[in-house]
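Student: Handing you a structure now.
Every number here is computed from the coordinates shown, using simple stated rules; none is lab data. Since the structure is predicted, the reported quantities are computational estimates derived from the model, not experimental observations. Methodologically, a virtual Cβ is constructed for each residue, glycine included, from the backbone with ideal geometry; neighbour enumeration extends over all protein chains shown.
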Amino acid sequence: MVLDNFFRWIPHWFLMLSLSILIGGLIGLEQESYHRKIEEKHFGGIRTFPLISMLGFSVQYFLKSTLFTSIVFFSFGLMITGEYIYEAVYFNRKGITTEVAGLLTFILGVVLAKGYVIEAVSLSIFITLILSLRELLHTFIEKYVYKRDVAAILKFLIVTAVLYPILPNKSFTFLKINPRSIWVMVILISTISFAAYFATKLFGSRRGILITALFGGLMSSTAVTLAFSKRSLETPELSGELAMGIILASSIMFIRQFIIMFVIFPKIAYGFFFFSVAMFIFGMIFVLKRPGSSTVVDVEFSNPYDITHALFFGAFYTLILVLSKLAHLYFGSKGVYVLGFVSGLADVDPITVSMSQLAKTGVIGLKVALITIIISSITNTLVKGVYSYIFGHRELKRVIWKAFAAMSVASVVFVVIFKNFVNF
């Protein structure tokens with residue numbers, strides 16, 4: 001009560017000004033401690049940043065002129081730019097983080113003056129956190145993110161930024177092909193694959209066969225199958241463990257399909273849920289028979305944000321989408337089932353995406369779409385069995401075919417159940 005009465009007598013502008021000093025001081029304290037630690041000449045610290053925040057707050061709060069605030073900010077930006085050029089020339093400084101933090105601190109003062117108190121405080125905390133994590137972030141990037149990955153991501157983002165706005169957001173031809181919708185699917189699949197790609201780089205081959213298979217399966221179970229099969233010929237004594245890795249990666253594929261379907265059309269994902277979980281458990285029964293191995297097995301994955309990879313997927317997805325509609329139009333559900341079987345020979349993602357999208361728009365029935373996706377999964381599983389037979393050691397072949405045959409039979413049973421006994 002006493003505290004409330006005390007604040008009631010303090011002018012509002014004074015409280016807000018004090019808060020702007022605290023916000024600037026938080027960022028300035030972090031900068032001061034860092035630059036003293038490395039003994040480097042720096043642009044600002046515990047005194048400068050509170051003054052910058054006060055400047056932004058005072059100009060906006062007292063003058064209430066957006067034009068004048070913009071002029072002051074532009075002048076302040078020129079001053080910081082000149083200071084940076086001076087230190088870069090005479091002291092060989094390369095980083096610009098402190099200067100950017102200074103500009104953001106000015107903006108925080110303006111945001112606070114406009115009455116966004118919680119937002120300004122939250123932003124100052126996030127800025128301070130990012131600044132304080134510099135060593136951790138730099139080490140992380142140097143260790144796990146390669147230059148070619150950064151280049152691939154930038155190209156993908158640039159192409160997406162250019163393509164997305166200019167792609168027509170309307171349907172063409174009697175097949176109702178929407179170019180923008182297709183590119184959205186490319187972004188979705190690339191992003192899911194990139195998450196797995198990054199996880200593989202973090203935890204993959206350095207942690208052993210099963211961990212590599214776990215994250216690799218979220219990205220490409222086919223790549224895991226090929227790599228592990230070839231490795232079994234080089235080290236036959238590891239054939240059992242490598243076979244378990246292939247089975248695990250192939251089981252994870254069903255979880256990946258579920259995630260894709262859930263993002264696009266949750267209703268079809270609910271129908272696929274029990275099948276995906278059953279297949280995963282089925283695979284894990286075989287995997288858990290053997291203990292894990294710490295042996296390192298490298299698997300080469302391409303960055304899913306590589307623009308060539310993304311465009312290829314987009315073209316393949318469009319082809320599957322067109323063929324799916326034509327097959328359903330001229331041959332009914334049987335034609336779609338045949339397409340699911342054929343597409344599974346190459347990849348399950350395009351047929352999974354296209355069937356989910358077509359079921360969502362009502363072009364294809366939910367049951368037909370679901371059965372088609374399961375058929376493509378069966379085909380893809382058998383194809384990986386063929387790969388292991390061609391490239392793998394005989395011990396690996398024996399274990400793989402036992403598991404894949406059992407998983408395929410279980411999948412066929414699910415198809416029969418869905419077709420004859422389940423209504424959506």
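Student: Which FRET efficiency value, to the nearest 0.05, is calculated for ILE107 and ARG180 with the Förster distance at 41 angstrom and r the Cβ-Cβ distance? Don't jump to the answer; show the numbers that get you there.
Tutor: Details: r = 34 Å, r/R0 = 0.82.
Step by step, r from the Cβ atoms, then E = 0.75.
Student: Which net charge results when you count Lys and Arg as +1 and Asp and Glu as -1 among the other residues whose beta-carbon is under 12 Å from that of ILE80? Don't skip to the answer; put the middle values down first.
Tutor: Values: positive: none; negative: GLU83, GLU87, GLU99.
With Lys, Arg at +1 and Asp, Glu at -1, the neighbours total -3.
Student: A further question on this structure: What distance in nm lies between label points placed 7 Å from Cα along the C-beta direction at LYS230 and THR191?
Tutor: Computed distance between label sites LYS230 and THR191 equals 3.3 nm.
Student: Another question about this same structure. Can you figure out the FRET efficiency of SER33 with VAL89, using R₀ = 22 Å and their beta-carbon distance, to the nearest 0.05? Kindly include the intermediate steps, with their values, before the conclusion.
Tutor: Values: r = 27 Å, r/R0 = 1.22.
Approximately 0.25, to the nearest 0.05.
Student: Same structure again: Shape verdict for the stretch 241-398, please, from the Cα gyration tensor: rounded (a/c under 1.5), prolate (a/b greater than b/c) or oblate.
Tutor: On the way: a/c = 1.93, a/b = 1.67, b/c = 1.16.
Prolate.
Student: With r as the distance between the Cβ atoms of THR66 and THR139 and R0 = 35 Å, compute the FRET efficiency 1/(1 + (r/R0)^6) and round to 0.05. Could you put the intermediate results ahead of the total?
Tutor: Working: r = 42 Å, r/R0 = 1.19.
Working from the Cβ atoms, E equals 0.25.
Student: Would you mind counting up the charge near LEU104? Only other residues with Cβ under 14 Å from its Cβ, with Lys and Arg at +1 and Asp and Glu at -1. Please report the intermediate quantities before stating the final value.
Tutor: Numbers: positive: none; negative: GLU30, GLU99, GLU119.
Counting the neighbours of LEU104, the net charge comes to -3.
Student: Using only the Cα atoms of the stretch 306-424, build the gyration tensor, take square roots of its eigenvalues as a ≥ b ≥ c, and label the shape rounded, prolate or oblate: rounded if a/c is under 1.5, else prolate if a/b is larger than b/c, else oblate. Write down the numbers at each step before the final one.
Tutor: Numbers: a/c = 2.65, a/b = 1.32, b/c = 2.01.
Verdict is oblate for the stretch 306-424.
Student: Considering only the other residues whose Cβ falls under 13 Å of the Cβ of THR372, what net charge follows from Lys and Arg at +1 and Asp and Glu at -1?
Tutor: Values: positive: LYS325, LYS334, LYS367, LYS419; negative: none.
Every neighbour counted, the sum reads +4.
Student: I've got another one for you. Compute the Cα gyration tensor for the stretch 370-415, then decide on rounded, prolate or oblate, letting a ≥ b ≥ c be the square roots of its eigenvalues: rounded whenever a/c is under 1.5, prolate when a/b is larger than b/c in the other cases, and oblate in all that remain.
Tutor: Numbers: a/c = 5.45, a/b = 2.03, b/c = 2.69.
Oblate, since a/c reaches 1.5 and b/c is not below a/b.
Student: Could you pull out every residue, at least 5 positions away or on a different chain, whose amide H is within less than 5 Å of the one on ILE364? Hs are placed 1.01 Å off N in the peptide plane, and Pro or chain starts have none.
Tutor: Long-range HN contacts for ILE364: ALA359.
Student: Would you kindly derive the ³J(HN,Hα) couplings of the stretch 253-262 from the backbone phi angles with the Karplus curve 6.51 cos²θ - 1.76 cosθ + 1.60 (θ = phi - 60°), listing them in order in whole Hz, with x for Gly and Pro?
Tutor: In residue order, the calculated couplings are 3, 5, 5, 4, 4, 4, 4, 4, 5, 5 Hz.
Student: For PHE74, project a label point 7 Å along Cα to C-beta. Then give me every residue of the stretch 98-115 with its amide nitrogen under 11 Å of that point.
Tutor: none
Student: On to the next question. Which pairs break 25 Å Cα to Cα here: LYS176/LYS334; LYS325/LYS384; LYS176/LYS367?
Tutor: Details: LYS176/LYS334 21 Å; LYS325/LYS384 28 Å; LYS176/LYS367 21 Å.
Check vs 25 Å cut-off fails for LYS325/LYS384.
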